[in-house]
Structure formats: C-alpha cells, structure tokens
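One structure is given below, encoded as structure tokens.
The values are calculated or read from the model by the stated rules, or taken from the named source; none is laboratory data. Please read these numbers as outputs of a predicted model, since none were measured by experiment. Counting neighbours? That spans all protein chains shown, and the Cβs are built from the backbone with ideal geometry, glycine included.
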Amino acid sequence: MADVFIGSCNVGLGLFAARAFGAGERILDFEGPERSDPRDGSPAECNLLQLDVGRYMLPNPPGLFVNHSCAPNAALVGGLSLVATRPIAAYEEVRFDYSTSMLEDPWQMECACGEPGCRGVVEEFGLLPRDDQRRFLAAGHVPDFIAERYARARHEDPAIAVGAW
Ligand SMILES: [Zn+2]
C-alpha cells in the first residue's frame with residue numbers, strides 16, 4: 001500500500017497521507033528533472049523546488065502535488081526529503097512551508113493556505129520574520145544553500161537584518 005495519495009483540497013490537488021506518520025518520519029523524497037529557467041510565468045513555476053541559487057527541480061508525482069502551508073505539518077530536510085514535523089493522521093493533507101526552501105527575491109505568490117496565521121504571501125526565506133528564520137534554522141528545516149547564505153550574512157555584519165539580503 002502506498003504511503004501517500006493525491007486528492008482534492010482547498011487549492012486544487014494536494015498530497016495526502018495514506019497512513020499515520022509519526023513526528024520525524026520521512027514521507028517522501030523529491031525527485032525529478034532539473035530546470036534552470038524556472039520562473040517562466042507558467043502554472044508549473046509554483047511547483048518548482050529550489051536546489052541552489054539558479055537551480056530548480058520540477059518534482060515528479062507525487063512530490064509535485066505537495067502544497068504550501070503557513071502552518072505546516074511537514075518540512076523539507078536535507079533539501080530533498082519531506083519529513084513529518086508532528087504526528088500526521090491518515091487522510092490528512094501533508095504540506096510544508098515553501099518559504100523555507102526559496103532564495104529568490106522578488107518572486108512571490110499569493111498564499112491561499114487558509115490557516116489562521118497565514119502570512120498572505122509566499123516569498124523567499126530572507127524575507128521571513130526573524131523569529132521564523134531562527135526557528136526553521138534551529139530545527140534543520142532549511143536547505144544548506146540558504147543556511148550557508150544566512151550564516152555568511154550574519155558573520156559579515158551581525159547587525160544586518162537577514163531580510164535585507
Ligand atoms: Zn498561508
């Protein structure tokens with residue numbers, strides 16, 4: 001039996017748990033072809049996963065269908081693995097915070113996650129509130145290329161707000 005399935009949600013299609021997952025459990029690894037020119041105005045651009053500065057992946061299903069949430073139940077670990085951040089029940093939709101994996105100001109998209117704490121917009125990690133940046137970094141939910149950029153910015157001038165990258 002598959003661990004996940006594709007189903008309908010409030011923003012179209014989404015990825016759902018087919019069984020319960022424990023906190024910290026890996027749900028899937030993103031796989032797919034690389035794209036170098038990501039933001040071409042097509043609907044697919046919202047589905048790209050950033051691998052590094054100027055490098056993107058268009059995930060194959062089922063990873064393609066993982067939506068963003070401002071109050072997610074999963075996170076991207078090691079840049080490619082989707083991991084539960086709290087217990088997830090069977091038939092619950094699985095989402096992560098896209099801003100943890102984006103370093104490409106000024107690209108953004110309107111957020112329709114519908115969570116009470118919704119930020120209203122999905123934009124790069126450098127533009128997140130400082131407390132959110134620290135929380136995601138401490139949890140290991142930020143890909144290396146962004147964490148290294150953050151560390152460099154902080155090292156060069158600790159007074160600089162990372163949002164000013
Ligand atoms: Zn939101």
Residue among 28, 48, 58, 64 that alone is over 16 Å from residue 83 (Cβ atoms), at pLDDT 95 or above, in contact with a Leu (Cβ under 9 Å, 6 or more places away or on another chain) and not hydroxyl-bearing (Ser, Thr, Tyr): 64
Restricting to segment 111-149, name every residue that is exposed (fewer than 15 other Cβ atoms within 10 Å of the Cβ) and touching a helix residue (DSSP H, G or I) at 6+ places or on another chain (Cβ under 6 Å). none
Yes or no: residue 134 out of contact with any Phe, Trp or Tyr (no Cβ under 7 Å at 6 or more places or on another chain), modelled with pLDDT of 95 or more and charged (D, E, K, R)? no
Give the residues of segment 104-122 that are at pLDDT 90 or above, in contact with a strand residue (DSSP E or B) (Cβ under 8 Å, 6 or more places away or on another chain) and outside any strand (DSSP E or B), sorted by residue number. 111, 113, 120
Counting only residues that are among the charged types (D, E, K, R) and within 13 Å of the ligand (Cβ to nearest atom), segment 91-143 contains a total of 7
When residue 76 is evaluated against the numbered criteria (1) part of a loop (DSSP other than H, G, I, E, B); (2) away from the ligand (no atom under 15 Å from the Cβ), which criterion, by number, is the only one it fails? (1)
Residues within segment 31-64 that are crowded, with 20+ Cβ neighbours inside 10 Å, under 12 Å from the mean Cα position of the chain (by Cα) and in contact (Cβ under 8 Å) with a residue 24 or more places away in the chain, tallied: 3
Quick one: which of 92, 104 is farther than 19 Å from residue 28 by Cβ and among the acidic types (Asp, Glu)? 104
